[in-house]
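The values are calculated or read from the model by the stated rules, or taken from the named source; none is laboratory data. These numbers come from a predicted model, not from an experiment. All Cβ positions, glycine included, derive from the backbone under ideal geometry; neighbour counts span all protein chains shown. In case anyone asks, the SASA skips ligands and DNA or RNA and just uses the protein heavy atoms, side chains included. Shrake-Rupley method; radii C 1.70, N 1.55, O 1.52, S 1.80 Å.
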Amino acid sequence: MIRNERMTVVHQAKIAHNIFELTLQGELVQEMTPGQFVHVRVGESFEPLLRRPISIANINNETKEFTMIYRAEGRGTELLSKKQAGEVVDVLGPIGNGFPVDAVQSGGTALLVGGGIGVPPLHELAKQLNARGVRTIHVLGFQSENVTFYEEQFSKLGDTYYVTADGTKGTKGFVTNLLDELKPKFDVFYSCGPLPMLKALETQFPDKPGYLSFEERMACGIGACFACVCNTTEKHEKDYVKVCSDGPVFPKGVVAL
Ligand SMILES: Cc1cc2nc3c(=O)[nH]c(=O)nc-3n(C[C@H](O)[C@H](O)[C@H](O)COP(=O)(O)OP(=O)(O)OC[C@H]3O[C@@H](n4cnc5c(N)ncnc54)[C@H](O)[C@@H]3O)c2cc1C
Ligand code: FES
C-alpha cells in the first residue's frame, strides 16, 4: 500500500560527478521491493510543487533504512542534494510494480542491464536474486567514467562489466556492443535505462524472457493524472499503460518502443 511518511536522513554523500547517495530511515522500508520507486517532496514548502520519482537502490529491513542514488541536475534534485543527516524528507511510497525476482529459479542466471540513472534499482534486484541462489551478470552503461558508481557493490554480487560512451571506463560504446561480444548465457534479463537501450535489448534477445523498467516523466506518481502514459503493442489488451501505477516494470513486449 502506498503511504506517506516523513523519513529521517541517515546519510547523504556525493559518490560521483553530480551523483548522490541518500539513505533514509522509516517504517515504509518494510514494504519496499526491488524495482519500486518513491515519490519525494524535495523542498519543505510546496515549491517545487511536483515530487520527484526516484528508484529504491538498497533496502535494509533490519535498520529500516533504504538508499536512493540520484543525479542532481534540475531544481528538485539539486534541492534534495542539500539535505543533511537528521533532517526529514517527505516520501510517498513504495510505488508501482517492481521486478519479479521469481522469474528465474535458484541455480539459474539473470542478466541485469542498466543505463545511467537506470542502474540504481538493479543493485537491490541483484542482492535479492543472489539471496535466492540466482547468479547475476551486470552490464552497466554510462556516459563517462566520472559518473559511474557502485563498482565494488555490484562486483561482490556477480560478474560486472562497464561500458562508457566515451571509452573512459570499460568498453567504448553502448551496452549492446558489449553484449554482442560477450554473448552471455542467461535465463532472464532485467533492464532499466533510456528507451533506445530498452528497445535494443528487446531486439537483441527476442527468445529470452525480459523485464524492462521505464523512467518516464511523471507528475502525480499515483495513477491520477495521465502524465506518464505509454502506448502498448498490439499484443496487449489495453491501448495504453500508466508507468507509475501499472509499472514502472513491464514484461518485454508490453510497451510500444
Ligand atoms: C520510476 C522512476 C524512477 C527513477 N529513478 C531514478 C533514480 O533512481 N535516480 C535518478 O537519478 N533519477 C531517477 N529517475 C529520474 C528522476 O525522477 C528525474 O531525473 C528527476 O525527477 C528530475 O528532477 P529534477 O528536479 O532534477 O529536474 P527538473 O527539470 O526540475 O524536473 C522537472 C519535472 O520533470 C520531471 N522529470 C524530469 N526528468 C525526468 C525523468 N527523467 N524522469 C521522470 N521525471 C522527470 C520531474 O519529476 C519534475 O516534475 C526516475 C524516474 C522515474 C519515473
Ligand atoms: S504520473 Fe500521474 S498518472 Fe502516472
In vacuo Debye sum over C-alpha of the stretch 5-50, base-10 log of normalised intensity I(q)/I(0) at q = 0.27, 0.34 Å⁻¹, listed in q order, is -1.17, -1.15
According to the Cβ-distance criterion of 4.7 Å, cysteines of the chain with no possible disulfide partner are C192, C228, C230, C244
Nearest 10, in degrees from 0 to 90: the angle of helix 195-204 to the longest Cα principal axis of the chain is 30
Nearest 10, in degrees from 0 to 90: the angle of helix 120-131 to the longest Cα principal axis of the chain is 70
With a 1.4 angstrom probe the carbon and sulfur portion of accessible area for the chain, in percent, totals 50
Log entry: pair-distance distribution for the chain, C-alpha pairs binned every 10 Å from zero, whole % per bin is 7, 32, 37, 21, 3, 0
Volume per residue (Å³) of the convex hull spanned by the alpha carbons of the stretch 167-257 is 107
At the level of C-alpha centres, the distance separating the stretch 38-73 and the stretch 178-219, in angstrom, is 25
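Taking all protein chains together and a probe of 1.4 Å, list H39, H236 from the most accessible to the least accessible.
Numbers: H39 0, H236 50 Å².
Largest accessible area first, the residues go H236, H39.
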Counting only protein heavy atoms and leaving out ligands, DNA and RNA, the solvent-accessible surface of L182 at a 1.4 Å probe, in Å² to the nearest 10, equals 60
Karplus ³J(HN,Hα) for the stretch 233-249 (6.51 cos²θ - 1.76 cosθ + 1.60, θ = phi - 60°; Hz, whole; x = Gly/Pro) runs 6, 4, 5, 8, 6, 9, 6, 8, 10, 9, 5, 5, 9, 8, x, x, 9
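Starting from the exponent 0.38 and prefactor 2.2 Å, build the expected Rg for the stretch 105-186 from its residue count and divide its actual Cα Rg by it. Before the final figure, lay out the partial values.
Values: Rg = 12.2 Å, N = 82, 2.2 N^0.38 = 11.7 Å.
The value comes to 1.04.
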Note: Q84 to D180 extended length (0.36 nm per residue) minus current alpha-carbon separation gives 30.2 nm
GNM on the chain, Cα springs under 10 Å; top mean-square fluctuation among Q84, Q36, Q25 goes to Q84
Under a Gaussian network model of the chain whose springs join Cα atoms within less than 10 Å, the largest fluctuation of A126, A16, A57 belongs to A16
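How much net charge surrounds V255 when only the other residues with a Cβ under 15 Å from the Cβ of V255 are counted, with Lys and Arg +1 and Asp and Glu -1? Walk me through the numbers on the way to the answer.
Values: positive: K199, R217, K235, K238, K242, K252; negative: E202, E215, E216, E234, E237, D239, D246.
That sum, taken over residues with Cβ under 15 Å, equals -1.
Which value in deg cm²/dmol, rounded to the nearest 500, describes the helix-derived mean residue ellipticity at 222 nm for the chain, given -39,500 (n - 2.57) per DSSP H run of n ≥ 4 and division by the residue count? Please report the intermediate quantities before stating the final value.
Details: 6 runs with 47 residues, N = 257.
Rounded to the nearest 500, the figure is -5000 deg cm²/dmol.
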